[in-house]
Amino acid sequence: MRMFSRLRSLQTNMVLASVFLILMTILIMSFTSYYLTKDAVQSQAQSYTTELVKQVNNNIKSYVNGMKYMSDLVAANHSVQDYLSATSFKSLQDEKDHKEAISDLLESMLFSRTDIASANVFGYGGQFVSGRKELELNPFIDRSTLSWYKNAQEAGGKNVISPSHVQPVFKDRYPWVVSLSRELFSRDGTRKLGVFLVDLNFSVMNDMFKDIRLGQRGYLFIIDSGGKIVYHPQQQLIYSHLKSEMIDKVLEIESGTFVSDEGSDSRMYTVQDSDFGWKIVGVSYVSELVGNQNEVRLSYVVLGLICIVIAIVISFFLSQRVSQPIKRLQDYMKEVEKGNFDIHVPVPKAIEIGRLARAFNIMVGKIKELMSQVVHDQEQKRKSEINALQAQINPHFLYNTLDSIVWMAESNKSKDVVLMTSALAKLFRSSISKGEELVSIRTEIEHITNYLMIQKMRYKNKLDYRIEIDDSVRDYRTIKVILQPIVENAIYHGIKMKHGPGLIRITSEETESDIYIVIEDDGKGMDEEKLSTLLLPSPNPKEGRGVGVRNVHERLQLYFGTQYGLTYKSALGEGTTVYIRIPKSHRPTEDEK
């Protein structure tokens, strides 16, 4: 019997499942080892190719920098500047001397660099000087139409390097070159004088790269910033569209590596961006990186598939035994998520799941008990907070009312004192409202009527008021003492501060679900800054201004929800309008009235 219980336990099932999962994991790891090995070889090949491409880039850079140095010398040479900028010479001999000086300069450059095919200066005035004195211009070629000439003019004094091309500008010569061209300017930079051209023998570049091999079939090629081929070992095949390269993908990245998706002919491209617009690209064939990969891959695939089939069959039966009681418990949990705490989970026979079910039942019972306690505590807390907020109001308006009575008593107005004292008694009687949290809007109107009567007696012709509350809303309920702080604020900070008499008007509006009590005054009004901070907590707790209306706003939101409360509209010199939004609470009974 004990043995049977062990077989039913979740722990035993998990141990059995783990044994098979470990076995399957070992087989999968063996299956993936081939790819890890392949990735390691590719990573090493990538590192090797990257270093090789960087070295090639440095070699090319040294050649290009030499050509740029030559262009700097020519651009700063006084003889070049004088010859190209002169509109006329003193004599034919003077012109000849300048031309020979430039020719000697260019010729010395050719002697120092055997890889240079020619170095030439073309003036915008028709001048032409070459380091090879035997060269003549081709009369059938307009050099202004050639790309190296136009690109130099567009670059505005910067060096421009062309892709490999046939140079047709010289008579009876059509060498395959790479050109560096640069527009020449006067010393003050205000005049364009001409174009300097250096042609590099393409055969030198071909000799530099032809022996570079990346595996049996790998190679290296160069493109410019526009995607044109500068060098390619199979350039003729590229031009005849018998071979293609992923030029667009190469142009998308500055430096890095990517692999083409070409099946068995997939290639790994290693791109190095130069400082002069060229991209040097090393190409390796992925199939050459791992030998006998087809046989190794096939053996791993077959072994992996067998292990997967076995693992699936065994796992299916085990998972059915393990997962069913857990799924049932999960269904009960979903019911609890929906808020149903009146459930009891049947305890299954499996030891661990049974313990979990019993713990779940205890937990649900505790949660239900705690939720009831929290609801009760929150209700008591809410009532205490409302009472505390209401207690802040009473001393506030009592002080102002007694201040008015004292003022009239000092003025020997005994009848007014009696009337005001009587109004004050009614005011307190309506605010007490039998200790209830909610009062009818009718009671609140009686309260504010007594208050305005007191203030009218004090301010006489300075203050007038109108109360126009619809009978249809008077029997709905609200929290008590919400109108008095707003009206008081309107009197002391609005009407009192304006010249001439003021009017306070109290009206009502209603929708299907809400009631709006509107208090309007034509007093001084408020600016946008004061209006935006009126209902926010005051940074100075000792400051009394605005405490009453903030108190009302907080009480309304605390009792009815954050969508209710006060909304202010005001402008300086135009008065203020306050909207009190409350829900339509149930009407009171006759006893409650």
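The values are calculated or read from the model by the stated rules, or taken from the named source; none is laboratory data. On a predicted model such as this, the values are computed, not experimentally measured, just so you know. Note that each Cβ is placed from the backbone with ideal geometry, even for glycine, and that neighbours are counted across all protein chains shown. Surface accessibility is based on the protein's heavy atoms, side chains included, excluding ligands, DNA and RNA. Shrake-Rupley method; radii C 1.70, N 1.55, O 1.52, S 1.80 Å.
Being among the charged types (D, E, K, R), open to solvent by less than 60 Å² (accessible area, probe 1.4 Å) and in contact (Cβ under 8 Å) with a residue 60 or more places away in the chain is the filter here, so list the residues in region 223-282 that pass it. The one that is among the charged types (D, E, K, R), open to solvent by less than 60 Å² (accessible area, probe 1.4 Å) and in contact (Cβ under 8 Å) with a residue 60 or more places away in the chain: ASP224.
The residues on offer are ASN65, ASN77, ASN120, ASN58, and the sole one that is under 30 Å from VAL259 (Cα atoms) and polar (S, T, N, Q) is ASN58. Here PHE122 meets the list (1) at negative phi; (2) at pLDDT 85 or above; (3) assigned to a loop (DSSP other than H, G, I, E, B); (4) of a type outside the set (S, T, N, Q) almost entirely, failing just condition (3). Number of residues in region 535-568 that are modelled with pLDDT under 85, assigned to a loop (DSSP other than H, G, I, E, B) and either within 38 Å of the chain's Cα centre (by Cα) or of a type in the set (Val, Ile, Thr) (or both): the value is 5. Residues of region 71-116 that are open to solvent by 20 Å² or more (accessible area, probe 1.4 Å) and not in a helix (DSSP H, G or I): ASN77, ALA86, THR87, SER88, PHE89, LYS90, SER91, ARG113, THR114.
Tell me whether region 199-207 contains one or more residues that are at pLDDT 80 or above and under 30 Å from THR87 (Cβ atoms). So far as region 199-207 goes, yes, one or more of its residues are at pLDDT 80 or above and under 30 Å from THR87 (Cβ atoms). Of the helices (runs of 4 or more DSSP H) contained entirely in region 405-518, those carrying at least 1 residues that are in contact with a strand residue (DSSP E or B) (Cβ under 6 Å, 6 or more places away or on another chain), under 22 Å from HIS553 (Cβ atoms) and not acidic (Asp, Glu) fall at 441-459, 483-490.
For region 152-171, indicate whether the set of residues that are β-branched (Val, Ile, Thr), in contact (Cβ under 8 Å) with a residue 12 or more places away in the chain and in a loop (DSSP other than H, G, I, E, B) is non-empty. Yes - at least one qualifying residue is present in region 152-171. For region 493-526, which residues satisfy the criterion of being touching a residue at least 40 places away in the same chain (Cβ under 8 Å) and hydroxyl-bearing (Ser, Thr, Tyr)? Listed by number, the residues that qualify are SER508, SER513, TYR516. If ASP211 passes every condition in (1) charged (D, E, K, R); (2) modelled with pLDDT of 80 or more; (3) in a loop (DSSP other than H, G, I, E, B) but one, which one does it miss? Failing condition for ASP211: (2). Could you check region 149-178 and list, in sequence order, the residues that are charged (D, E, K, R) and under 54 Å from the mean Cα position of the chain (by Cα)? Those that are charged (D, E, K, R) and under 54 Å from the mean Cα position of the chain (by Cα): LYS150, GLU154, LYS158.
Here GLU154 fulfils each of the conditions (1) surrounded by fewer than 19 Cβ atoms within 10 Å (Cβ to Cβ); (2) over 30 Å from ASP261 (Cβ atoms); (3) modelled with pLDDT under 85 apart from (3). Scanning region 462-516 for residues that are over 49 Å from the mean Cα position of the chain (by Cα), farther than 13 Å from TYR451 by Cα, of a type in the set (Ser, Thr, Tyr) and surrounded by 14 or more Cβ atoms within 10 Å (Cβ to Cβ) gives TYR476, TYR492. In the condition set (1) more than 20 Å from PHE202 (Cα to Cα); (2) modelled with pLDDT under 85; (3) in contact with a helix residue (DSSP H, G or I) (Cβ under 9 Å, 6 or more places away or on another chain), ASP115 is compliant with all but (1). If we scan region 128-141, do we find a residue that is touching a helix residue (DSSP H, G or I) at 6+ places or on another chain (Cβ under 9 Å), of a type in the set (Asp, Glu) and either open to solvent by 80 Å² or more (accessible area, probe 1.4 Å) or modelled with pLDDT under 85 (or both)? No, there is no match, as no residue in region 128-141 is touching a helix residue (DSSP H, G or I) at 6+ places or on another chain (Cβ under 9 Å), of a type in the set (Asp, Glu) and either open to solvent by 80 Å² or more (accessible area, probe 1.4 Å) or modelled with pLDDT under 85 (or both).
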